[in-house]
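In what follows, a structure is listed as structure tokens, so that the remarks can point back to it.
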Amino acid sequence: MKIHKYDTVIVGAGGAGMRAAIEATKRSRTAVLTKLYPTRSHTGAAQGGMAAALANVEEDNWEWHTFDTIKGGDYLVDQDAAEILAKEAIDAVLDLEKMGLPFNRTPDGTIDQRRFGGHSRNHGEAPVRRSCYAADRTGHMILQTLYQNCVKEGVEFFNEFYVLDQLITEVDGVKKSAGVVAYELATGEIHVFQAKAVIYASGGTGKFFKVTSNAHTLTGDGQAACYRRGLPLEDMEFFQFHPTGIWRMGILLTEGARGEGGILRNKDGERFMEKYAPVMKDLASRDVVSRSIYTEIREGRGCGPEGDHVYLDLTHLPPEQLDAKLPDITEFARTYLGIEPYTDPIPIQPTAHYAMGGIPTNVQGEVLADNTTVVPGLYAAGEVACVSVHGANRLGTNSLLDINVFGKRAGIAAAEYSATADYVELPENPASFVQEQVERLRNSTGSERVSVLRKELQETMDANVMVFRTEQTIKTAVEKIAELRERYQNVSVQDKGKRFNTDLLEAIELGNLLDLAEVMAVSALARKESRGGHYREDYPNRDDVNFMRHTMAYREVADDGKDSIRLDYKPVVQTRYQPMERKY
Amino acid sequence: MATPTMDKVAADDAAAASHLITVTFRIRRFNPEVSAEATWEDFQLEIDPKERVLDGLHKIKWELDGSLTFRRSCAHGICGSDAMRINGKNRLACKTLIKDINPAKPITVEPIKGLTVLKDLVVDMEPFFQAYRDVMPFLVTTGNEPTRERLQSAEDRERFDDTTKCILCAACTSSCPVFWNDGQYFGPAAIVNAHRFIFDSRDEAGEQRLEILNDKDGVWRCRTTFNCTDACPRGIEVTKAIQEVKRALITRRY
Ligand SMILES: Cc1cc2nc3c(=O)[nH]c(=O)nc-3n(C[C@H](O)[C@H](O)[C@H](O)COP(=O)(O)OP(=O)(O)OC[C@H]3O[C@@H](n4cnc5c(N)ncnc54)[C@H](O)[C@@H]3O)c2cc1C
Ligand code: FES
């Protein structure tokens, strides 16, 4: 075991982690621990764009953007945070441009902008062009640009280091962050990083679903590490299902495709979104479009022999436009489906895409231990966190924005904190949890296999807690997850070695997914209403009287070592906008 | 509107009612914890030919041999984790469909060449990233920052579009015979990333980057074999980019 000491440690090198690192490195001795090489992070997969009311191509302002974000989130958004997001968006985009990001340009040479779902002029009047983009590679360009600037600033990376535990020490009755424990993939060695400030920027957790746009590595490690140490998780029942994933594979086809004029059609060729969202049509918010697609499918208007998908039709768009604006997604259709998007519509289905919930933070990125108390020295930003700027449903292009705005904020706040704070003493045997976990898995002779359990988990999640949920389906999922967690105790790995043991790490990642899936299902069961991405067929309406509040889930451990979930709630911050019915 | 195209797709869907085939994966295995020697190992699996080579590797890892080791993340050709030699050619396992590489014969899978193999298909990427870092892969500007964005015409933006697509997978560099013989050579990927900035109208460090690449291990080592262009999973015209850098060195115009 090795011990390292840094002022600031950042967990994750995606957009949020690297944006934080650029700030933190300038101000404090910083280490970035990342399980992937930075440029492999899933921010690179983002396609469509990043929202900011630059007003480069038509009238726009940050107040409209704030309103759209709040309405898009079905009023579960903390309005003070949404206002910060929309206001700071403009500088966030300009910062990236100055760092070198090659945005698409207008004829005037300014940053070009395009339409995206849920973004409107003047509080819902008509779609507005607010998404700043680089073809359909915006995330790739953000990730590359941030990495380039990390190279420039000399950011120190520990690549292929998996953070597996959060260290917390109680000082005078206050829980403080003392550091993290990481596992080095290349050697199997365990490292303790003592740090004055820790920032989680470890991304999402979509891999508990089968059909998902998320990478194999998005397994919620950061959320799970904090949750296991008694910290709450907020709004985990809210998961976004993006309308246009490639049928069966889940690979994303950006909403920018509809922003450019693409149309969803059922088996009769009907543009069905006109029925469900007369104004915004195909560009209504994602939860609305995903439910509409499944309604079409359920009512027998789905496409294909099994009627289990619909089409994204781009055939009426000029090939030059597709080549210039959507080169990557059209190539995905060619590579993975053998379809030519110039002439043939693309089979799609909703795909599990984005975790609105996560580690609760305030607008400085400080992690909360309950509804109000901050954990000194602990920060989170990006998809791992819940500020909450996305509420019950995130608007497209608001996450690339979130990682930049709150990544920067967390980086500055953490470094400023570590400039004056003292190190917190490490707990006794700081590495013991990880050591035991690794040893147990390596030595286990149990008969259960990781891949089997993971597949069963993904199948139950897809079947029971996806776009449509009921008390019964969620209960089925809760029971299944409990069974899988039980069987997980009996899991073993074949690779017993130390070197690049990805077999072992997949087992650990599965443990995280199981814990988080349970939190999601239990939180969803208790929310007896429909709001944003959480749709209960048995409670089809939003219920502001009882549920205009954030869920806070805590892990409780009984004397016999058995754990359970305790749910609590936190009020939503409302400033200017009163909840209204959401219509698109 | 039952358009002809929709009918056609429906017919294709029906035909696609998937049928599995038996495929042999012949994989180069190496684990220094077990043996100092690398060996070939065959695995047979039933798989839908429309699946990716990566799906085949996962099937082996998840069902047959958990110790098989490779890197991967996004599974759709964006993150650059899984460049490997498949049937003797550098490709991304997640972007190569089994049906496209003659599954009637064993499919050979080896690590990319020219970088030290650490375990199975995992190689040491550090020298590759070091070469990248050495070409100053970041925008350099002088003078006062503008308050708004820097302006750039659509044509100027287009000038370096191709080389912005790089995902640093190393498929190009590890397909280059010059790089195999001499690991000191910067390699195509580093030059591509230098190109991305040299031809960006906003950048002011073109001269410095050109000097770095004028080095004995720089662009002049390129023998224009086009392996790199063939290998690039992003369709970047790598050789052309290298030629443009060479020309810029001669003319000092870019
Ligand atoms: C296909 C796709 C398209 C999208 N398109 C858009 C879009 O157009 N606009 C938009 O606004 N949003 C989009 N999103 C959402 C957005 O891209 C993501 O929410 C965002 O990029 C997440 O960034 P992040 O920095 O939080 O996490 P990530 O980029 O996922 O990075 C996570 C980092 O954490 C590290 N990590 C994870 N676990 C550990 C661990 N245990 N130890 C150490 N390190 C760890 C990883 O190595 C990685 O570096 C899209 C998402 C997807 C999947
Ligand atoms: S797994 Fe990301 S490029 Fe293949």
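In this Cβ point-charge picture (+1 for Lys and Arg, -1 for Asp and Glu), the stretch A:329-422 has a dipole of about 100 debye about its Cα centre. Residues B:GLU207, A:GLU184, B:GLU158, sorted by accessible area with the largest first, give B:GLU158, B:GLU207, A:GLU184 [1.4 Å probe; ligands and nucleic acids excluded]. Which distance in nm do the two modelled labels at B:THR22 and A:LYS26 give, with both placed 7 Å along the Cα-to-Cβ direction? In this crude spin-label approximation the distance works out to 6.3 nm. Between B:THR108 and B:ARG26, B:ASN87, the built amide H atoms are under 5 Å apart, and every one of these is 5 or more places off in sequence or on another chain. Solvent-accessible area of the stretch B:18-123 (1.4 angstrom probe, protein heavy atoms only): carbon and sulfur portion equals 48 percent. With both labels modelled 7 Å from their Cα along Cα-to-Cβ, the B:ASP42 to B:ARG253 distance reads 6.0 nm.
Assign unit charges at the C-beta atoms only (+1 for Lys and Arg, -1 for Asp and Glu), then state the dipole size of the stretch A:248-352 relative to its Cα centre in Debye, rounded to the nearest 20. Intermediate results must be reported in sequence, preceding the final value.
Numbers: 13 positive and 18 negative charges, 70 e Å.
Value, rounded to 20: 340 debye.
Model label points for A:VAL573 and A:GLU459, set 7 angstrom from Cα along the Cα-to-Cβ axis, are 4.4 nm apart.
Per the 1.4 Å probe, what fraction of the accessible area of chain A, in percent, lies on carbon and sulfur atoms?
On the way: 8240 of 17860 Å².
Carbon-and-sulfur percentage of accessible area, whole number: 46.
Remark on the stretch A:105-127: accessible area falls by at least 30 square angstrom from chain-alone to full-complex state for A:ARG105, A:GLY109, probe 1.4 angstrom. At an R0 of 22 angstrom, the distance between the Cβ atoms of A:GLU537 and A:ALA482 translates into a FRET efficiency of 0.45. Comparing the full protein assembly with the isolated chain (1.4 Å probe, heavy atoms, ligands and nucleic acids excluded), the residues of the stretch B:176-212 losing at least 50 square angstrom of accessible area are B:ARG202.
Roughly how much accessible area, to the nearest 100 Å², goes out of reach of solvent when B and A pair up, both sides summed, probe 1.4 Å? Let's see the in-between values first.
Details: alone 13700 and 20930 Å², together 28570 Å².
Summing both sides, the interface buries roughly 6100 Å².
Shown here for the stretch A:272-325: GluC sites (Glu not before Pro) in loop regions (DSSP other than H, G, I, E, B) with at most 12 other Cβ atoms within 10 Å, namely A:GLU299, A:GLU306.
State in Å² the accessible area per residue of the stretch A:1-158; use a 1.4 Å probe, count heavy atoms of protein chains only, and round to the nearest integer.
On the way: 3900 Å² over 158 residues.
On a per-residue basis, 25 Å².
Could you list the residues of the stretch B:119-139 with an amide nitrogen less than 14 Å from a label point located 7 Å from the Cα of B:SER35 in the Cα-to-C-beta direction? Residues B:120 qualify, since their backbone N sits under 14 Å from the label point.
Accessible area per residue for the stretch A:248-352 is 32 Å², calculated with a 1.4 Å probe on protein heavy atoms, without ligands, DNA or RNA.
Going by a ≥ b ≥ c, the root eigenvalues of the Cα gyration tensor, does the stretch A:328-388 fall in the rounded group (a/c under 1.5), the prolate group (a/b larger than b/c) or the oblate group? Verdict is prolate for the stretch A:328-388.
Kindly flag which residue pairs out of A:LYS35/A:LYS562; A:LYS455/A:LYS528; A:LYS196/B:LYS119; A:LYS455/A:LYS570; B:LYS61/B:LYS99; A:LYS267/B:LYS61 have an alpha-carbon separation exceeding 32 Å in this structure.
Values: A:LYS35/A:LYS562 30 Å; A:LYS455/A:LYS528 28 Å; A:LYS196/B:LYS119 36 Å; A:LYS455/A:LYS570 34 Å; B:LYS61/B:LYS99 20 Å; A:LYS267/B:LYS61 39 Å.
Pairs exceeding the cut-off: A:LYS196/B:LYS119; A:LYS455/A:LYS570; A:LYS267/B:LYS61.
Accessible surface area normalised per residue over the stretch B:18-123 is 38 Å², counting heavy atoms of protein chains with a 1.4 Å rolling probe.
The aspartates and glutamates whose alpha-carbon is closer than 20 Å to the alpha-carbon of B:LYS216, local same-chain residues fewer than 8 away aside, are B:ASP134, B:ASP182, B:GLU207, B:GLU244. Only aspartates and glutamates eight or more places from A:LYS87 in sequence, or on another chain, were considered; those with a Cα closer than 18 Å are A:GLU58, A:GLU59, A:ASP60, A:GLU63, A:ASP68, A:ASP78, A:ASP95, A:GLU97, A:ASP402, B:GLU149.
Once the partner protein chains are put back, the stretch B:83-98 shows a loss of at least 40 square angstrom of accessible area, versus the chain by itself, at B:LYS95, B:LEU97 (probe 1.4 Å, ligands and nucleic acids excluded).
Rounded, prolate or oblate: pick one for chain B, where a ≥ b ≥ c are the square roots of the eigenvalues of its C-alpha gyration tensor, a/c under 1.5 means rounded, and failing that, prolate if a/b is larger than b/c, else oblate. Show your work: numbers first, answer last.
On the way: a/c = 2.50, a/b = 1.45, b/c = 1.72.
Here chain B falls in the oblate category.
Farthest toward the dipole's positive end in the stretch A:489-553, which of A:HIS550, A:LEU516, A:ALA526, given Cβ charges of +1 (Lys, Arg) and -1 (Asp, Glu) about the Cα centre? Toward the positive end, the furthest listed residue is A:HIS550.
Here the stretch A:443-528 is assigned +1 on the Cβ of each Lys and Arg and -1 on the Cβ of each Asp and Glu. Its dipole about the Cα centre then comes out at about 100 debye.
Quick one: plug the Kirkwood hydrodynamic radius of chain A (C-alpha pairs) into Stokes-Einstein at 37 °C, 0.692 mPa s, and report D in µm²/s. Don't skip to the end; give the middle numbers.
On the way: Rh = 23.8 Å.
Rounded, D is 138 µm²/s.
For B:LYS95, a cut-off of 18 angstrom between C-alpha atoms picks up these lysines, skipping any fewer than 8 places away in its own chain: B:LYS50, B:LYS59, B:LYS165.
The values are calculated or read from the model by the stated rules, or taken from the named source; none is laboratory data. Note that the structure is a prediction, hence the values are computed from the model and not measured. Backbone-built Cβ (ideal geometry, glycine too); neighbour counts: all protein chains shown. Calculation scope for accessible area: heavy atoms of the full protein, side chains included, ligands and nucleic acids excluded. Shrake-Rupley method; radii C 1.70, N 1.55, O 1.52, S 1.80 Å.
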